[in-house]
Each structure stands twice: as C-alpha cells, then as structure tokens.
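Colleague: Right, I'll just put the structure down here and ask away after.
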Amino acid sequence: MTAHKREQLIKDINVLLHQAYDSTLVEIYALLKRIDDVDDEEDLKAIKEAREDIRINGTVSWDEIQNEINKDVA
C-alpha cells in the first residue's frame, strides 16, 4: 500500500469513527486490541521458532551470505 493510499484510508476510517455510536467505538477498540494481541503472539512465536532453528541448525556467517549473494549475481 502506498503512503498516499494509507493516509487516505486512515482519513476515511477517522470520518467513520467520528460518526459511530459510543458502543460501536467500544466494540471497534476491543476488536483492534484483539488483533494487536494476536499479532504480538504471532511475533513471539516466530521469534521462538527462529531461536529454536538457530539452536538446532546453527547460524550462517556473514561471509557465507555474501558468497551466496555473489553466486546469485554472477
């Protein structure tokens, strides 16, 4: 999404929020909070999985990454 589209979407949402009933605002807030909590849980899960992968498989050195990049470019 471009920055302009994002800005316009936020403005459109803001207009609708100002028109909403208080009870609707409370429901919207609760929904956004749940979405944020799920995102946080998914981020934590991804971090744990990455750490476990590093523990099991080790890490890749920067030199190895550069060599792979050079192979792909050539």
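The values are calculated or read from the model by the stated rules, or taken from the named source; none is laboratory data. It should be emphasised that the depicted structure is a prediction, and the values quoted were computed from it without experimental measurement. Cβ: placed from backbone, ideal geometry, glycine included. Neighbour counts: every protein chain shown. Calculation scope for accessible area: heavy atoms of the full protein, side chains included, ligands and nucleic acids excluded. Shrake-Rupley method; radii C 1.70, N 1.55, O 1.52, S 1.80 Å.
Colleague: How far apart, in nm, are the 7 Å Cα→Cβ label points at LEU32 and LEU17?
Modeller: It is 0.4 nm.
Colleague: Let me ask you something else. Tell me which label goes with the value of Cα Rg over 2.2 N^0.38 Å computed from the coordinates here: (1) 2.69; (2) 1.91; (3) 1.23.
Modeller: (2)
Colleague: Which FRET efficiency value, to the nearest 0.05, is calculated for ALA50 and ALA3 with the Förster distance at 22 angstrom and r the Cβ-Cβ distance?
Modeller: 0.15
Colleague: So, one more: Taking only DSSP H segments of four or more residues, each worth -39500 (n - 2.57), what value at 222 nm results for the chain once the sum is divided by all its residues, to the nearest 500 deg cm²/dmol?
Modeller: -30500 deg cm²/dmol
Colleague: Here's something else I'd like to know. Accessible area per residue for the chain in Å², computed with a 1.4 Å probe and the full protein assembly in place, what is it? Show your work: numbers first, answer last.
Modeller: On the way: 7210 Å² over 74 residues.
Per-residue value: 97 Å².
Colleague: Let me ask something else about it. Of the chymotrypsin sites (Phe, Trp or Tyr not before Pro) in the range 1-62, which ones lie in a loop per DSSP and count no more than 16 other C-beta atoms within 10 Å?
Modeller: Details: sites: TYR21, TYR29, TRP62; in loops: TYR21.
In loop regions of the range 1-62 (DSSP not H, G, I, E or B), the sparsely surrounded chymotrypsin sites (Phe, Trp or Tyr not before Pro) are TYR21.
Colleague: Can you give the angle from 0 to 90° between the axis of helix 22-57 and the longest principal axis of the chain, with both taken from C-alpha atoms, to the nearest 10?
Modeller: In the chain, helix 22-57 runs at an angle near 10 degrees to the longest axis.
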